[in-house]
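Data first, discussion second: the structure below is written as structure tokens.
Coordinate-derived values only; no laboratory data. Just so it is clear, the structure is predicted and the values come from calculations on it, not from any experiment. Virtual Cβ from ideal backbone geometry, glycine too; neighbours counted across all protein chains shown.
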Amino acid sequence: MATPADMAGAAGQLAAGGPKFVVVTGGDMVAGDEAVDAVWTDAGTRFLRYPRIATRNTHGTGCTFSAAIAARLALGDSVLDALAFAKQYVARALAGAREWKLGGGTGPLDHLDWKAI
């Protein structure tokens with residue numbers, strides 16, 4: 001997928017299977033200065049946008065995103081609020097690890113800044 005429109009189309013196709021919500025993440029899309037996720041609901045597709053964080057420390061972004069969503073749902077957030085929180089949490093974790101130089105490959109996120117959100 002190369003554009004948010006592609007993501008929205010994919011989310012709509014996945015939604016045909018019956019879920020109430022579909023999230024297609026686009027943090028790996030190279031183009032643009034934003035990390036964009038498409039969220040499909042029965043009311044239409046919404047986009048979560050956050051400035052792209054330039055870092056090689058991206059290992060675990062998907063797992064962190066899904067764990068943050070699950071945690072916020074367990075606390076009683078609506079799905080859309082949980083998604084917005086998770087997007088912000090991952091962005092802060094990426095920003096916190098931006099300058100880390102751990103090993104020679106893709107490094108981890110900074111999960112230690114969660115209380116600041």
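Filter the stretch 86-109 down to residues that are over 16 Å from the mean Cα position of the chain (by Cα) and of a type in the set (Ser, Thr, Tyr), then give me how many there are.
Residues that pass the stated criteria total 1.
Would you please list the contacts, defined by Cβ atoms under 9 Å and residues six or more apart or on different chains, that run from a residue in the stretch 1-18 that is closer than 10 Å to residue 38 by Cβ to a residue that is part of a helix (DSSP H, G or I)?
The qualifying pairs are 1/7; 1/9; 1/10.
Report yes if some residue within the stretch 45-66 is assigned to a helix (DSSP H, G or I), among the aromatic types (Phe, Trp, Tyr) and surrounded by fewer than 19 Cβ atoms within 10 Å (Cβ to Cβ); otherwise report no. Break it down into steps so the answer makes sense when it comes.
Narrowing the stretch 45-66 to residues assigned to a helix (DSSP H, G or I): 61-66.
Narrowing the set further to residues that are among the aromatic types (Phe, Trp, Tyr) leaves 65.
From the residues that got through so far, the ones that are surrounded by fewer than 19 Cβ atoms within 10 Å (Cβ to Cβ) too are none.
No, the conditions are met nowhere in the stretch 45-66.
Quick one: in the stretch 4-40, which of the residues that are assigned to a loop (DSSP other than H, G, I, E, B) and of a type in the set (A, V, I, L, M, F, W, C) is surrounded by the fewest Cβ atoms within 10 Å (Cβ to Cβ)? Spell out how you get there, then give the answer.
Applying the first criterion (assigned to a loop (DSSP other than H, G, I, E, B)) to the stretch 4-40 yields 16-21, 25-33.
Next, only the ones that are of a type in the set (A, V, I, L, M, F, W, C) stay: 16, 21, 29-31.
Details: 16: 8, 21: 15, 29: 17, 30: 6, 31: 9.
Step by step, filter the stretch 4-40, then rank; the result is 30.
Would you confirm, using the coordinates I've provided, whether residue 101 is of a type in the set (Lys, Arg) and more than 26 Å from residue 113 (Cα to Cα)? Talk me through it step by step, then tell me what you get.
Working: of a type in the set (Lys, Arg): yes; more than 26 Å from residue 113 (Cα to Cα): no.
No; evaluated as a whole, the condition is false for this residue.
Confirm whether residue 47 is of a type in the set (A, V, I, L, M, F, W, C), under 17 Å from residue 113 (Cα atoms) and within 12 Å of the chain's Cα centre (by Cα). Explain how you work it out, then say what you get.
Details: of a type in the set (A, V, I, L, M, F, W, C): yes; under 17 Å from residue 113 (Cα atoms): no; within 12 Å of the chain's Cα centre (by Cα): yes.
Criteria not met by residue 47.
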